[in-house]
Amino acid sequence: MPVIEVTDLVKEYVIVKKERGLRGALKGLFFPEKTNVRGVDGISFSIERGEIVGYIGPNGAGKSTTIKMLTGILHPTDGTIRVCGVSPQADRKAVVRKLGVVFGQRTQLYWDLRLGESFELLKRIYQIDDQTFEDNMKVLTEVLRLDQFIDTPVRQLSLGQRMRGDLAAAMLHSPDVLFLDEPTIGLDAEAKRAIRGFIQEMNRTRGITVILTTHDLDDVEELCSRLIIVNHGKVVEDGPIDELIGKLTPKRLLVVDLQRPCADVEHASAQIIKQDGLRLWYQFEKARITAAELIADLSQKLPIQDLSVQEPDIEDAIREVYATT
Ligand SMILES: Nc1ncnc2c1ncn2[C@@H]1O[C@H](COP(=O)(O)OP(=O)(O)O)[C@@H](O)[C@H]1O
Ligand SMILES: [Mg+2]
């Protein structure tokens, strides 16, 4: 049985726009004008236990709306959802016990409490038994290295520490499924590494199923075995990551600063898409030439002052895919 099964899911939002009467007796009065917008427009997929799935798409694609329905926060307009065999709409409590949720831009910790006290409070709220709590705290403290800041008030935590705290909070009740909405947003490289390591560890040791939304292609490449790509409320791609990633990230940019003007700056496998004084932008396809090869070639013939490779983020990559299809 799949852990998550979604069939023909639809969510319509009613948007109320107020129009002002323009004439006569109606002048100055407001008339509500309602329109329906489909945030999710007929989505189906199923996810097996132990999968780490990237649920990605441009802004406004319907990712958060889907996750809110899966976690029982929003009611679908149409379609069915089963999480561990249960409908979140019919039995939200049963489903919530199976789920851990982290929204990168929000926290479920308590600003005024120390991190450890936040966990104690969540234990009581979620009625987690002593043994489960103790066992989980031990593992989570170790994997997320919480001991360095377990006695720090939540408001004083760095963003990376807070995110580690939030991941721990989501895992305290031993969920089967973890929903992560932008878990690495705004974090430095080291904090990202810690969080990715944690997700992999929980997946490997506990078989936890993970659904992840992110803008970070490195998250996707390092973590996900499968991608579901959504756009305009519909699934547009669903498959193994190796098949999709090449499609998603065909193009990268190398930015080169020269020491002095040069005549012959062309390269056979890269296209110069912009030039500004001594700065050149080379666009190249990962499948044709690697960044290292391109840099080696160019530095042989050009006096290079400085260079950097620009990786596209998910949104750039997806935009690129849809611009060409
Ligand atoms: N509360 C809401 N009221 C009206 N429209 C909404 C609401 N939430 C989301 N939408 C619309 O639904 C679509 C999908 O939004 P969302 O699920 O937040 O996308 P994503 O998370 O992929 O950026 C967008 O067009 C958005 O404007
Ligand atoms: Mg969103």
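Enter the per residue convex hull volume of the range 1-142, computed from alpha-carbon coordinates, in Å³ rounded to the nearest integer.
192 Å³
Over the chain, the fraction of Cα-Cα pairs per 10 Å bin, rounded to whole percents and listed from the shortest bin up, is 5, 21, 25, 21, 15, 9, 3, 0. For VAL235, the amide hydrogen comes within under 5 Å of the amide hydrogens of SER44, counting only partners 5 or more places away or on other chains and with H modelled in the peptide plane. Using a simple spin-label model with pseudo-atoms 7 Å out from Cα toward Cβ, LYS18 and ILE273 lie 4.4 nm apart.
Estimated at 0.36 nm per residue, the fully extended path between GLU293 and ASP257 surpasses their Cα-Cα distance by 11.2 nm. Rounded to the nearest 20, the Cβ-based charge dipole of the chain about its Cα centre (Lys and Arg +1, Asp and Glu -1) stands at 1340 debye.
Pairs exceeding 32 Å between alpha-carbon atoms, taken from LYS123/LYS234; LYS63/LYS251; LYS17/LYS123; LYS18/LYS63; LYS68/LYS123: LYS123/LYS234; LYS17/LYS123. Think of the chain as a dipole: +1 on every Lys or Arg Cβ, -1 on every Asp or Glu Cβ, centred on the Cα centre; then among VAL40, LEU29, PHE119, LEU29 lies furthest on the positive end.
For the chain, the fraction of 1.4 Å probe accessible surface lying on carbon and sulfur atoms is 47 percent.
Cβ-Cβ distance of GLN148 and VAL37, R₀ of 35 Å, FRET efficiency by 1/(1 + (r/R0)^6): the value works out to about 0.20.
Each of GLN310 and GLU266 was given a label point 7 Å from its Cα along the Cα-to-Cβ line. The distance between the two points is 2.3 nm.
Just subtract the alpha-carbon distance of LYS301 and ILE125 from 0.36 nm times their residue separation and send over the number in nm, one decimal. Mind dumping the intermediate values first?
Numbers: separation 176, 0.36 × 176 = 63.36 nm, distance 6.56 nm.
Contour length minus Cα-Cα distance gives 56.8 nm.
Taking a point 7 Å from the Cα of ASP112 along the Cα-to-Cβ direction, the residues of the range 144-175 with backbone N closer than 20 Å to it are 151-157. Taking every C-alpha pair closer than 8 Å and separated by at least 6 residues, the mean separation divided by the residue count of the chain gives a relative contact order of 19 percent.
Identify, among VAL10, ALA296, HIS215, the residue whose Cα sits farthest towards the positive end of the charge dipole of the chain, taking +1 on the Cβ of Lys and Arg and -1 on the Cβ of Asp and Glu, with the dipole about the Cα centre. Going by the Cα projections, it comes out as VAL10. Placing pseudo-labels 7 Å out from each Cα toward the beta carbon at LYS286 and ASP242 gives an inter-label distance of 1.5 nm.
Accessible area per residue for the chain in Å², computed with a 1.4 Å probe and the full protein assembly in place, what is it?
Working: 17030 Å² over 325 residues.
Value for the chain: 52 Å² per residue.
The values are calculated or read from the model by the stated rules, or taken from the named source; none is laboratory data. Everything quoted here is computed from the prediction, not taken from an experiment. Note that each Cβ is placed from the backbone with ideal geometry, even for glycine, and that neighbours are counted across all protein chains shown. The accessibility values were calculated without ligands, DNA or RNA, using every heavy atom of the protein model including side chains. Shrake-Rupley method; radii C 1.70, N 1.55, O 1.52, S 1.80 Å.
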